Amino acid sequence: MNPKTTDRKTTPLRFDLDRIRGDFPILSREVHGRRLAYLDNAASTQKPRAVVEALENFYFSEYSNVHRGVHYLSQRATEAFENARARVGRFVNAERAEEIVFTRGATEAINLVARSFAAPHLGPDDEILITTMEHHSNIVPWQLACEAAGARLRVAPISDDGDLEIDRLESMIGDKTRLVSVVHVSNSLGTVNPIAEIARRAHSRGVPVLVDGAQAAPHLPIDVQSLGCDFYAFSGHKVYGPTGIGVLWGRHELLEQMPPWQGGGDMIESVSFEKTTYREPPFRFEAGTPNISGAVGLSAALDYIDELNIESVRAHEAELIDDTLLRLEQTEGVHLIGRPARRCGVISFNMEGIHPHDIGSIVDLEGVAIRTGHHCTQPLMDRLGVTATARASFGIYNGRDDVDALLNALDKVRSIFGKGG
Amino acid sequence: MIEDLYQDIILDHNRNPRNFGPLAQANRSARGYNPLCGDKVEVQLQVDGDRITAVGFQGSGCAISTASASMMTQKLTGATIDEAESMFARFHDLLTEGDAGEAQEDDEELGELEVFAGVRRFPMRVKCATLAWHALRAALSDQGEEGPVKTEA
């Protein structure tokens, strides 16, 4: 496969916010009579016209089932589906397209590894190592696997600032450790973990590494070869693609050793009642009719991102986040939750004496969409001594006006809760 | 519109919750938990025959759930168990029934609890306002030993 390049010939574009916003019809709608400031991108991103048009074109002109018919449309659909796989392969810089398994999302990708890679080899007293900042989707699959095997789930600590204590993590890797599973970017704090370093240290002890990349894929260039990990999971809907499609990248030699985790059509070589043999990866892991249109839509989303000149987008996002952090720090009564050394995408905060849900409801009426709650990271909330946070998370279409709207809405929160106080 | 939700009396009870803290003489209790937001409340009761003689609550939650719990404790102190059940039904109707845009018939029984009518416009927040009430009902029906009642089935 070629090194990571965009599919189409494009001249590098300067960052043009208006043009990008024009590609996202939903951004021009009003919410509660206000301009929508969508700052909930860590939950899910909005969809550009290019993605929806790709779905429409596929359904209206090329749709059929894949991998079976000899008829024209089946061949076209198979081609589109497998082209999407190759497209995703280029996005993560996989060595080969066969390393890409389509799933429903990052959650299913992690469950696949738990069931098909970890569980068959997991014995009593074995250990799986995760971190305090994991999303529930990178905790619960391991709890299930450990419970079934009598194995132990161990948790590497973080600092008060929300950084992974990598030396502590390394010291917890021992003879019993079967896998290290770690988030690339924290969905609650925005912490960027040093994956290459973690993989290097785990591999020096012969332990494979899975990376939950759900929050990283929309913001960072993903190069699984230079990261040096063994599995990488992410979701389509957080990279401006459709819901219900996600990706597991796995090293081919590992995928080859793994048994299927779901049985059905499309994943078999031959079936008889006496003996069924399974296809090679990735098909072995894709039982049943896959989310064909989802893959096509995801492919269009990745094209869209790459055509934007991702470096300029990242620079813009980083600048916007720095600016927002500064303004929030200067806002009376606002406390930032987590001060990671390297951050992307996400800012969590609380307001003194005001519950995040109350913040969420009030800013919503000002047209500002943020997430409030525990963000599916309850153990992390416990570690930080909070029950919930307010979280603003950024995407390619956010600008200073969105931050202005957020800050103005927070003023409104303060004025409502300040009454008679 | 937001002021419909955060009326002064709600903000006041949020700031200074009444009957907040452990109830020494409690003989019934139950915990309520909203798994969607992590809000927790424990309601403790002293029940004498069929009468609730004292109500207290503890926990952490948003302004709506804290004020609702606080005002519930005041409302139900001295009420019979039947009266408490009937009050819950009225309160629940207030939050979920009818068109929020229309003036509701005054329900004199509800009294100050009517300030929660504004919650109807915010369906995501109804569970905040009913969390303590659900815990109260669990305590009255002796389900309190069975672990926390949840807002999600």
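The values are calculated or read from the model by the stated rules, or taken from the named source; none is laboratory data. All values reported here derive from a predicted model rather than from experimental measurement. A quick note on method: Cβ atoms are made from the backbone with ideal geometry, for glycine too, and the neighbour counts reach across all protein chains shown. Areas reflect the complete protein model, heavy atoms only, side chains present, ligands, DNA and RNA absent. Shrake-Rupley method; radii C 1.70, N 1.55, O 1.52, S 1.80 Å.
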Exercise for the section: Can you sort A:Lys412, A:Lys238, A:Lys275 by 1.4 Å-probe accessible area, starting with the largest? Expected result: A:Lys275, A:Lys412, A:Lys238
Practice task
Would you mind computing Rg(Cα) / (2.2 N^0.38 Å) for chain B, counting N as its residues?
Solution key: 0.97
Problem - Accessible area, probe 1.4 Å, largest first, for residues A:Glu366, A:Glu286, A:Glu95, A:Glu165 - result: A:Glu95, A:Glu165, A:Glu366, A:Glu286
Handout entry: Student exercise, the stretch B:2-143 dipole from Lys, Arg, Asp, Glu Cβ charges, in Debye to nearest 20
Key = 920
Fill in the blank from the handout: Computed for the stretch A:52-306: size of charge dipole around the Cα centre, +1 on C-beta of each Lys and Arg, -1 on C-beta of each Asp and Glu, debye to nearest 20, value 380
Fill in the blank from the handout: Each residue of A:350-358 has, on average, a number of other protein chain C-beta atoms within 10 Å of its C-beta equal to 5
Fill in the blank from the handout: Measuring from its Cα centre, the protein assembly as shown shows a charge dipole (+1 at each Lys and Arg Cβ, -1 at each Asp and Glu Cβ) which, in debye to the nearest 20, is 1500
Problem - Helical segments meeting 15 Å axial Cα length and Kyte-Doolittle 0.5 threshold in chain A (DSSP H) - result: A:292-307
Exercise for the section: With unit charges on the beta carbon (Lys/Arg positive, Asp/Glu negative), name the residue among A:Gly244, B:Met124, B:Ser29 whose Cα is farthest towards the positive pole of the charge dipole of the protein assembly as shown. Expected result: A:Gly244
Practice task
Report the label-to-label distance for B:Asn27 and A:Glu280 in nanometres (one decimal), using points 7 Å from each Cα along the Cα→Cβ vector.
Solution key: 7.6
Exercise for the section: Just read off the accessible area of B:Met1 with the full protein assembly in place, 1.4 Å probe, to the nearest 10 Å². Expected result: 110
Fill in the blank from the handout: Sorted by chain and number, the residues with a modelled amide H under 5 Å from that of A:Leu179, at a separation of 5 or more or across chains, are A:Leu129
Practice task
Note the buried accessible area between B and A here, summed over both chains, with a 1.4 Å probe, in Å² to the nearest 100.
Solution key: 1500
Problem - Helical mean residue ellipticity (222 nm; -39500 (n - 2.57) per DSSP H run of 4+; nearest 500) of chain A - result: -10500 deg cm²/dmol
Practice task
For chain A, report the convex hull volume of the alpha-carbon atoms normalised per residue, in Å³, without decimals.
Solution key: 148
Completion exercise
Restricted to pairs 8 or more residues apart or on different chains, the lysines in the protein assembly as shown with C-alpha atoms under 16 Å apart form a number of pairs equal to 4
Practice task
Over the whole of B:55-67, what's the average partner chain Cβ count within 10 Å per residue? Rounded to a whole number, please.
Solution key: 3
Problem - Within the stretch A:334-354: backbone nitrogen closer than 14 Å to the A:Leu407 label point (7 Å, Cα to C-beta) - result: A:334
Handout entry: Estimated FRET transfer efficiency (A:Glu197, A:Glu332; beta-carbon r; R0 41 Å; 0.05)
Key = 0.60
Practice task
Between A:Asp160 and A:Val271, with labels modelled 7 Å along Cα→Cβ, what's the label distance in nm to one decimal, could you check?
Solution key: 5.9
Exercise for the section: Please find the FRET efficiency linking A:Leu73 to A:His32, where r is the Cβ-Cβ separation and R0 is fixed at 51 Å, and quote it to the nearest 0.05. Expected result: 0.70
Exercise for the section: Give me the accessible area per residue for the stretch A:102-147, probe 1.4 Å, as a whole number in Å². Expected result: 35
Exercise for the section: Pop the C-beta distance of A:Gln225 and A:Ala148 into the FRET formula with R0 = 25 Å and round what comes out to the nearest 0.05. Expected result: 0.15
Exercise for the section: Give a quick list of trypsin sites (Lys or Arg not before Pro) in the stretch A:342-401 that DSSP marks as loop, anything other than H, G, I, E or B, with at most 12 other Cβ atoms within 10 Å. Expected result: A:Arg342
Practice task
Can you find, among A:Ser204, A:Pro157, A:Gly69, the residue farthest towards the positive end of the dipole of the stretch A:52-306? Put +1 on the C-beta of Lys and Arg, -1 on that of Asp and Glu.
Solution key: A:Gly69
Exercise for the section: Between B:Thr80 and A:Phe60, with labels modelled 7 Å along Cα→Cβ, what's the label distance in nm to one decimal, could you check? Expected result: 6.9
Handout entry: Full-stretch length increase - B:Met124, B:Asp50 - with 0.36 nm per residue and alpha-carbon distance subtracted
Key = 23.2 nm
